[in-house]
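Worksheet: one structure, shown below.
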Amino acid sequence: METTTEEKVDWRASLPFLGIHLACVLAIWTGVSSVAAASVLLALDELLRTRIPGNGERILLGAFGAGLTWCAAVFEWGASPTCV
């Protein structure tokens with residue numbers, strides 16, 4: 001029997017160390033196949049279909065792919081755009 005990625009890595013175990021409650025996590029890989037870089041936009045779309053974030057709510061989007069490529073972005077919903 002093939003083992004899925006979710007079974008190989010228990011990502012939920014790291015949440016308490018990061019101070020993140022499981023209810024605040026949206027994991028989209030359970031319903032889709034490989035979507036590469038589109039996974040970040042799919043996660044944001046899923047969030048907005050589920051609920052609209054409150055003003056000032058911080059959102060972390062992260063993705064990883066083949067060859068140990070990765071990306072992440074943190075932004076604050078409703079905040080004025082600024083350059084860092």
Conditions (1) hydrophobic (A, V, I, L, M, F, W, C); (2) surrounded by 12 or more Cβ atoms within 10 Å (Cβ to Cβ); (3) more than 24 Å from Gly19 (Cα to Cα): number failed by Ala66: (2)
Considering residues of region 15-45 that are within 14 Å of the chain's Cα centre (by Cα), of a type outside the set (A, V, I, L, M, F, W, C) and at pLDDT 70 or above only, the residue surrounded by the most Cβ atoms within 10 Å (Cβ to Cβ): Ser39
Checking Ala72 against (1) aliphatic (A, V, I, L, M); (2) within 17 Å of Ala23 (Cβ to Cβ); (3) assigned to a strand (DSSP E or B), the condition it does not meet: (2)
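The values are calculated or read from the model by the stated rules, or taken from the named source; none is laboratory data. Because the structure is a prediction, the values reported are computed rather than measured. Neighbour counts are summed over all protein chains in view; Cβ atoms, including those assigned to glycine, are modelled from backbone coordinates with ideal geometry.
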